[in-house]
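The values are calculated or read from the model by the stated rules, or taken from the named source; none is laboratory data. Computed from a prediction, not measured in an experiment: that's the story for all the values here. Backbone-built Cβ (ideal geometry, glycine too); neighbour counts: all protein chains shown.
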Amino acid sequence: MLKKLIIGNWKMQIGLKESEILAKEIAKKIEEKKNQIDWDKIEVVICPSLTAIETVARIFHQQFKIFSKQAKISLKIGAQDCFWEEKGAFTGEVSPRQLQELGCEYVIIGHSERRDSLKEDDQIVNNKVKAVLKTGLTPIICIGETLQERQKGIKDYVIIQQLTKALSGIELKPKQKIVIAYEPVWVIGTGQAVEAEEIGYLNKIIFQQMIDLFPLPIIRNNIRIVYGGSVDPANVKEFLVQDKNKGVLLGGASLKVAQFIKIIEQFN
Ligand code: PGA
């Protein structure tokens with residue numbers, strides 16, 4: 001049974017010192033609550049800025065031995081992006097292998113902020129997903145419609161297209177996992193999430209599309225669908241009860257320790 005995910009995307013919101021403070025605060029709170037959280041059922045993934053990954057990983061390792069077999073809690077590190085080549089003359093880029101060396105197990109791919117400001121298209125997303133899987137990491141593939149696409153009435157089409165193209169040419173092996181994060185672009189960072197029932201509907205569309213791409217046991221055992229976009233402690237439960245939901249991707253709420261912990265507690 002796949003664990004439910006709580007993914008915190010710190011974006012480029014905080015520097016190294018603040019990341020260190022936040023990681024220590026999260027570690028302290030998790031330590032206090034560790035027996036109240038059912039670690040067999042949930043997995044927490046923190047995605048700091050690239051410059052803070054190593055520091056955050058070290059703090060979590062010191063506190064919880066996260067890289068060892070004795071680690072009792074499921075606390076993982078993720079990156080917010082990567083390049084698709086393993087090595088070479090690619091100035092400024094970082095490969096999945098290099099992220100793995102820092103302790104990453106997950107990589108967010110195709111976040112709408114990158115699709116928008118860096119013009120990342122579906123082909124780039126597909127290249128990155130393949131590279132991440134090849135390295136043995138888990139991609140968190142972000143899909144979602146813009147307000148304009150929604151108003152045009154092409155939301156479902158956009159999502160199916162993004163999904164199909166992101167996963168084109170990929171045959172998942174039993175050990176490889178993927179996460180699909182449905183994030184309607186127009187609610188990210190607004191404090192106003194979508195109606196939870198809509199997520200149940202979208203999850204079904206995503207699931208149906210998966211059936212066209214992968215065998216059913218692979219979908220059940222290797223793929224999780226999460227929701228992202230203005231999730232907070234007050235609305236998280238509504239998303240968790242939706243059909244096929246396997247967790248949430250948090251932006252703003254992952255930077256506020258009290259909110260973040262309250263969200264984790266609601267997964268029990
Ligand atoms: P938000 O961000 O929770 O602040 O809306 C979500 C995201 O961008 O992944």
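Quick look at the numbers
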read-out	value
Where a residue in the range 8-20 is aromatic (F, W, Y) and its partner, wherever it lies, is more than 12 Å from the ligand (Cβ to nearest atom), with Cβ under 6 Å and at least six apart	W10/P48
Residue list for the range 7-29, filter: away from the ligand (no atom under 16 Å from the Cβ) and either modelled with pLDDT under 95 or farther than 15 Å from I77 by Cα (or both)	G15, L16, K17, E18, I21, E25, K28, K29
3 or more residues without any contact (Cβ under 8 Å) to a residue 40 or more places away in the chain: qualifying strands (runs of 3 or more DSSP E) within the range 55-150	75-79
Scan of the range 245-268 for residues that are in contact (Cβ under 8 Å) with a residue 12 or more places away in the chain, within 11 Å of the ligand (Cβ to nearest atom) and in a loop (DSSP other than H, G, I, E, B), ordered by number	G251
The listed residue being within 16 Å of the ligand (Cβ to nearest atom), surrounded by 17 or more Cβ atoms within 10 Å (Cβ to Cβ) and within 18 Å of I188 (Cβ to Cβ), out of I46, I108	I108
Test: Q242 is polar (S, T, N, Q), within 13 Å of the ligand (Cβ to nearest atom) and out of contact with any Phe, Trp or Tyr (no Cβ under 6 Å at 6 or more places or on another chain)	no
So Q161, is it touching a Phe, Trp or Tyr at 6+ places or on another chain (Cβ under 9 Å), more than 19 Å from F83 (Cα to Cα), at pLDDT 95 or above and more than 16 Å from the ligand (Cβ to nearest atom)	no
